[in-house]
Amino acid sequence: MSLKAFHIIFVTVSVLLSFGMAAWGLHRFLTQGKTSDLLFGIVGIVAAVALLVYGRYFLKKLKNISYL
Amino acid sequence: MDIPFTTKARPDTGLYNAKLGIWLFLASEVMLFGAFFSAYILLRVGADPGAWAHGLMNVPIGTFNTFVLILSSVTVVMAWAALKAHNYSLYRNCMVITIACALGFLVVKSFEYAEKFRHYEVWMKDGTRMTGHIDYQDGAVKKHAYLWNTKTLSKKKIESIAFTPDAPNEWMPGQYYPPMTKEQLEHVKKHDGKGDHHHEAITIKSADIQRLSAFVPAHSTFFAIYFTMTALHGLHVLGGAIVLSYFLFRGRKMWQADPDHLTNRVEVGGLFWHFVDLVWIFLFPIMYIL
C-alpha cells in the first residue's frame, strides 16, 4: 500500500473523528447548555467538512500515482 | 555495495524493499499498540464506578494537538508529492512544517504533563475526596507544589496545606466541596472544574489526609495507562521527527545522487508518520472524550 492509499484511510478516519467530536460537543451543549461545548461541536463540523474537501482535492491531484 | 531494489520494485513482491520492510515493521507496531488498547478497554470496563478519572483531561489542548498531527500528515504527503513532481523547494518547505508540527505536538504535550504533575487529588480520612492545586510559600515567593504525595507531607513535616479545589467534576461522584455560598458554587460549576478556574484556597491539616497524589501514574489505573500509552506514542513522534529531520537536512545530497531513492525514503518515513498520527486519532477520543 502506498502513502497515497494510507493517506486516504487517514483522512477518512480523521473525518469520522471530527464528526464524532462534533456529535459529542453538540450533545453536551444540548444537555448542559455550555457555550464552549457548542463551539467544540461547530469546530468538529467545520474540520470534518474541510477534511472532506481536502480529500476530494487530494484524490484529484494525485490521480496518476499508484495505490500500491 | 549497492543494495538492490531501493528504487525499482522486486519482481516477486511487487514492492521496493523499504516499503515491504516498513509494512512488516508497522504490523509489529499494530500488535504493540493493539495490546495497549486492549489493556485499556479491559481496565476500563473492570474499573469501579467513579474510579475512572478521564474527566480530568484538558480537551481543548488535546483537540489542538490532534489538528496539529492531522496537519503534519497532510504536509508529509505534500512533501512526497512534491518530490514526485521534481519540486525540491516545495518538498523542503513541507518537510519543515511537518517537523515543526511534530515538535509543537511534543512541546504542548510536555506542558500538559507538567500541569498534571502539579494537579492533585486528596482523599480525606472522612471518606471524601477533591481535586485541585497546592501552593506553598518559599520565602517571599509563592510556588506550585510539583509531584507531592502523602510521604512528602511527613518527610517535609508539613502540618497543613493550602489547597485550591477545582470546581465540582461531573465524572467524580463523592467529591468533597468546601463550604461556599450559592453564588460561589454557581460560579465554579459554570467553569467546569478542569483546573482553569478556582475559588479561594482552603487549609487542610495533614492529619486529616489519608492519601495525597499528583496526577502521576501512581495516582490511579487511568493515569497509569494514560501516561504509558501517551509516552509511548510521544517517543514514536520523537523518533519520526528525527528520521524526517534527517531527510530534510541530508535531502539535498540524496536528491542530487538519486532522486528516486530519496522519494522512496520519504514515502517510507511518511507511512510511519501516518501510522503514528493514526494511533493518536484513536488515543485522543478514548483518553479525552469517551
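Across peptide B:261-271, the average count of Cβ atoms from other chains found within 10 Å of a residue's Cβ is 2.
Applying 1/(1 + (r/R0)^6) with R0 = 41 Å to the Cβ-Cβ distance of A:Met1 and B:Tyr146, what FRET efficiency is obtained, to the nearest 0.05? Efficiency for this residue pair is about 0.35. Each principal axis of the protein assembly as shown carries a Cα extent, and these read 73, 46, 42 Å when sorted largest first. Counting every other Cβ atom within 10 Å of each residue's Cβ, B:Lys116, B:Lys109, B:Lys253 order from fewest to most as B:Lys253, B:Lys109, B:Lys116. Compute the separation of the alpha-carbon centres of chain A and the range B:41-64 and state it in Å as a whole number. First find each Cα centre; the distance between them is then 23 Å.
By the count of other C-beta atoms within 10 Å, a proxy for reagent exposure, B:Phe222, B:Phe282, B:Phe215, A:Phe58 are ordered fewest to most as B:Phe282, A:Phe58, B:Phe222, B:Phe215.
In percent, rounded to a whole number, the relative contact order of the range A:3-61 is 39, using alpha-carbon pairs under 8 Å and six or more apart.
Taking label points 7 Å from Cα along the Cα-to-Cβ direction, B:Ala47 and B:His261 give a separation of 5.0 nm. Evaluated at q = 0.10, 0.11, 0.12 Å⁻¹, a Debye calculation over the C-alpha positions of the range B:1-138 (equal weights, vacuum) places log10 I(q)/I(0) at -0.64, -0.74, -0.83. For the cross-link pairs A:Lys63/B:Lys8; B:Lys109/B:Lys253; A:Lys4/B:Lys109; A:Lys63/B:Lys253; B:Lys109/B:Lys155, the ones whose C-alpha atoms lie over 24 Å apart are B:Lys109/B:Lys253; A:Lys4/B:Lys109; A:Lys63/B:Lys253; B:Lys109/B:Lys155.
Calculate the length of the line joining the C-alpha centroid of the range B:8-36 to that of the range B:113-158, in whole Å. Cα centres, the range B:8-36 to the range B:113-158: 47 Å. A crude spin-label estimate for the pair B:Ser89 and B:Asp126, with each label 7 Å from Cα along the Cβ direction, gives 7.1 nm.
Working note: Karplus 6.51/-1.76/1.60 with θ = phi - 60° gives the range B:59-69 the couplings 5, x, 5, x, 5, 4, 5, 4, 5, 4, 5 Hz, where Gly and Pro are set to x.
Helical runs (DSSP H, four residues minimum) scored at -39500 (n - 2.57) apiece and divided by the length of chain B put the mean residue ellipticity at 222 nm at -19500 deg cm²/dmol. Rounded to the nearest Hz, the phi-derived 3J(HN,Hα) couplings of the range B:111-126 under the Karplus curve 6.51 cos²θ - 1.76 cosθ + 1.60 (θ = phi - 60°) are 5, 5, 4, 4, 5, 5, 6, 10, 10, 10, 10, 10, 9, 8, 5, 7, where x marks glycine and proline.
Across the range B:220-225, coupling constants 3J(HN,Hα) worked out from phi with the 6.51/-1.76/1.60 Karplus curve, θ = phi - 60°, read 6, 4, 4, 5, 4, 6 Hz, and Gly and Pro carry x.
Taking 0.36 nm per residue of separation and subtracting the Cα-Cα distance, full extension of the segment from B:Leu20 to B:Ile286 would add 92.7 nm.
The largest-to-smallest principal axis extents of the Cα set in the range A:3-61 are 42, 15, 11 Å. Extension gain for the segment B:Leu106 to B:Ile61, taken as residue separation times 0.36 nm less the Cα-Cα distance, is 15.0 nm to one decimal.
Under 5 Å from the amide H of B:Arg129 lie the amide H atoms of B:Met124, B:Tyr176, each residue being 5 or more positions distant or on a separate chain, with H modelled from the backbone and absent for Pro and chain starts. Using a Förster radius of 22 Å, what is the FRET efficiency between B:Val243 and B:Phe36 based on their Cβ-Cβ separation? Nearest 0.05, please. Computed FRET efficiency for B:Val243 and B:Phe36 comes out at 0.50. Scanning chain B for GluC sites (Glu not before Pro) in DSSP loops with at most 13 neighbouring Cβ atoms within 10 Å leaves B:1-158 as the longest stretch between them. Taking other C-beta atoms within 10 angstrom as a stand-in for reagent exposure, B:Arg129, A:Arg56 fall in the order A:Arg56, B:Arg129, fewest first.
Here, each number is a calculation from the coordinates, and none is a lab measurement. Here the structure is a predicted model, which is why all the values come from computation and not from measurement. We place every Cβ from the backbone using ideal geometry, glycine too, and count neighbours over all the protein chains shown.
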